[in-house]
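The values are calculated or read from the model by the stated rules, or taken from the named source; none is laboratory data. The model shown is predicted, which means the values in this text are computed figures rather than measured ones. Please note: Cβ atoms are built from the backbone with ideal geometry, for glycine as well, and neighbour counts cover all protein chains shown.
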């Protein structure tokens, strides 16, 4: 049976090429051969080569230079350097430049086969890690929302369920908890996903202009209305309209909103023509709407129209198991955006991040991690890299029960490092300062590595 990996032998000696090709073909490998480095590069450009076996000394370009150029074409390719002039410095240079291993001529086929078997095992492990990472991302991610906590998993299920309907949704939660992200996830999971998602903050628009923003206006309807303008309802036709901070809406606008929900039609400001729309309303608030109703500041009939289904987003401090996965997500994101290689947190930073209360929720955590990445001088974000107002704050968890165990912190730290290295276990073990076998044992104990 032919091996699924593809190999390229690059050597200027025909007898070496032929003997290697013959032996590897008999062993079931799919083999290409090249007499020069340039010919080898042409093969690599045309084919997906998994493993390159290259002679160190070739005319025009040596094996190390070939390896470096080949990796620009296929970064995931492994290289074995073979040479008749092996010395310790030569081996060090080859390995430093990225060679997986090297062999001194003449060598027995069994020794090469042993190296190839190790490479194949590593490639299979990388594929296994990719599948595992995709499964974890699928399980703990919904659109751009990360949540492994029980409360967030329940919300993810709720989003998938309510997205199938056209009912209005009210999302409640503190500022920075991700209410708009949940609204977008509902839209993206619905039959309206190909139509517009329009968001408007009722708190950021003056009362005198909010109706115009929502319903549009006719030319000359007020000072400055030099032309007809469509409002957010028309722009969201057949899609979703997200009303953020709906509790800030004045009573007059609430009347018009209620009519649209009931009749599915409205008039632009200053207009007489009825405009019919089909829009799904998802609203959000960080206020207690029921309290506003009792105070006469929010219409009760509108409250029940908006509140067919309620989704309550818990603050970050009440779902601490989500803090480190989110922190590592932002670490990877901002490291990439800033072209830096900050791929881990110090133990002191990890413990602080978990204990801190994050009153600004995910938005505050995002800002803190971006700051840490920007000012970080190495590959490890330390406590001093966090914003000073956070480090000096007393807003940390009170009481032992809110803290995570050392084992849980270690697990999340290892998971974060693996995520930041795209699950390259060798690199992760190096960053963590432990043996690769130790890392494997820990992953097995966490149930994150398939038993063999």
Exercise for the section: Check whether at least one residue in the range 94-110 is in a helix (DSSP H, G or I), over 22 Å from residue 40 (Cα atoms), modelled with pLDDT of 80 or more and in contact with a strand residue (DSSP E or B) (Cβ under 9 Å, 6 or more places away or on another chain), and report yes or no. Expected result: no
Handout entry: Residue match in the range 262-280 (condition: in a strand (DSSP E or B), farther than 27 Å from residue 226 by Cβ, touching a helix residue (DSSP H, G or I) at 6+ places or on another chain (Cβ under 7 Å) and touching a residue at least 40 places away in the same chain (Cβ under 8 Å))
Key = no
Handout entry: Residue check for residue 207: in contact (Cβ under 8 Å) with a residue 24 or more places away in the chain, closer than 21 Å to residue 298 by Cα and within 34 Å of the chain's Cα centre (by Cα)
Key = no
Problem - Count of residues meeting criterion [in a helix (DSSP H, G or I), in contact with a helix residue (DSSP H, G or I) (Cβ under 7 Å, 6 or more places away or on another chain) and farther than 30 Å from residue 261 by Cβ] in the range 304-361 - result: 21
Fill in the blank from the handout: Given the conditions (1) assigned to a helix (DSSP H, G or I); (2) in contact with a helix residue (DSSP H, G or I) (Cβ under 9 Å, 6 or more places away or on another chain); (3) at pLDDT 90 or above, every one holds for residue 175 apart from (1)
Problem - Considering residues of the range 330-345 that are touching a strand residue (DSSP E or B) at 6+ places or on another chain (Cβ under 6 Å) and within 22 Å of residue 319 (Cα to Cα) only, the residue surrounded by the most Cβ atoms within 10 Å (Cβ to Cβ) - result: 345
Handout entry: the range 251-267 - residue that is under 19 Å from residue 287 (Cβ atoms) and loosely packed, with under 14 Cβ neighbours inside 10 Å and, of those, modelled with the highest pLDDT
Key = 251
Fill in the blank from the handout: Listed by first then second residue, the pairs whose first member lies in the range 439-452 and is modelled with pLDDT of 75 or more, whose partner is surrounded by 15 or more Cβ atoms within 10 Å (Cβ to Cβ) and assigned to a loop (DSSP other than H, G, I, E, B), with beta carbons under 6 Å and at least 6 positions apart or on separate chains, are 443/449
Handout entry: Options 119, 145: the member that is closer than 28 Å to residue 245 by Cβ and either surrounded by 15 or more Cβ atoms within 10 Å (Cβ to Cβ) or modelled with pLDDT under 90 (or both)
Key = 145
Completion exercise
When the range 67-93 is checked residue by residue, the ones that are at pLDDT 85 or above and crowded, with 16+ Cβ neighbours inside 10 Å are 67, 70, 71, 77, 78, 79, 80, 81, 82
Handout entry: Pick from the range 284-324, criterion surrounded by fewer than 20 Cβ atoms within 10 Å (Cβ to Cβ) and in contact with a strand residue (DSSP E or B) (Cβ under 6 Å, 6 or more places away or on another chain), ranking: farthest from residue 159 (Cα to Cα)
Key = 307
Completion exercise
Considering residues that are over 38 Å from the mean Cα position of the chain (by Cα), modelled with pLDDT under 90 and part of a loop (DSSP other than H, G, I, E, B), the number found within the range 13-57 is 5
